[in-house]
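A quick write-up on the structure given underneath.
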Amino acid sequence: MVKKIGWISSIFFIFSSPSFSNDLNDLCESLMSRYKEVRSYQCTYQAKTYYEGKQTETLMRYSYLSPNKIRMDIEKPKKGAVLIYNPGISNLVKVRPFPKLKFFVLNYALNDKKVSSDSGGTVDRSGLIHRAETICQLLQKRINKDSRDSLLISPTDIEGLKKISFEHLENGKIFKRSVTMDQNHLIRKIELFEENGKLIESYEWKNLEINPDLNPDLFKEF
């Protein structure tokens, strides 16, 4: 079980001036360089959102093969649906919505609302490397970015996990974001909070397997 570390913790490693900006750059460089070594991965991906008193959940087996081939085997909300994106074959997202109708396949543009998130996120940018890029971009937009108190890094826990917490501006609003990474600088969980600390989004990559030997046909056939 992941050890939870709250926003207010008794112990934090905090970057200190004048090396603050250099340490932040090193953190992002380490994060991005690690993903450059990733040729493939598989995981159980779970996403939860909490808006207007309603919780939604997405659960899937997520498979990735460089360069940017993606397969999603859905468990929730529509069990048995499969999505494939393979830019080497087509720029369209192929979806088999019904497991019993194996030859019934639909094709969608990346920006089609049926295969993109409410915020406009697209399948081709759903992988962990793009998440890492987004985190590094948001770190540059954080509140009081010249202050050492605007970025908190927890000590590594007994399972080798480390949590980075920071505030940032998004569409004129202040949000708090926490990113949990393992000892290999791979993202395991991202949480988004409103300014008052209310959790509104959670994304988790469980049972993450790096560089497995994946059959390329997995990204061609349902």
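Throughout, read-outs are computed from the coordinates displayed, never taken from laboratory work. Bear in mind that the values here come from a model prediction, so they are computed numbers and not experimental data. Every residue, glycine as well, gets a Cβ built from its backbone with ideal geometry; the counts of neighbours run over all protein chains shown.
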### Query
hydrophobic (A, V, I, L, M, F, W, C), closer than 18 Å to residue 191 by Cα and assigned to a loop (DSSP other than H, G, I, E, B) - does that describe any residue in the range 149-165?
yes
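To keep it simple, each residue is scored yes or no on (1) touching a Ser or Thr at 6+ places or on another chain (Cβ under 6 Å); (2) surrounded by fewer than 19 Cβ atoms within 10 Å (Cβ to Cβ).
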position	(1), (2)
86	no, no
108	no, yes
122	yes, yes
132	no, no
### Message
List pairs: first residue in the range 109-137 and on the phi < 0 side of the Ramachandran plot and part of a loop (DSSP other than H, G, I, E, B), second residue small (Gly, Ala, Ser) and surrounded by 15 or more Cβ atoms within 10 Å (Cβ to Cβ) anywhere in the structure, Cβ distance under 8 angstrom, at least six positions apart or on different chains.
### Response
110/116; 122/116
### Task
Answer with yes or no whether residue 81 is under 16 Å from residue 204 (Cβ atoms), buried (at least 16 other Cβ atoms within 10 Å of the Cβ) and among the small types (Gly, Ala, Ser).
no
### Task
Look at the range 107-143 and say how many of its residues are more than 23 Å from residue 188 (Cβ to Cβ) and among the hydroxyl-bearing types (Ser, Thr, Tyr).
2
## Note on the structure
Quick count over the range 194-222, residues being in a strand (DSSP E or B), in contact (Cβ under 8 Å) with a residue 60 or more places away in the chain and more than 25 Å from residue 70 (Cα to Cα), is 2
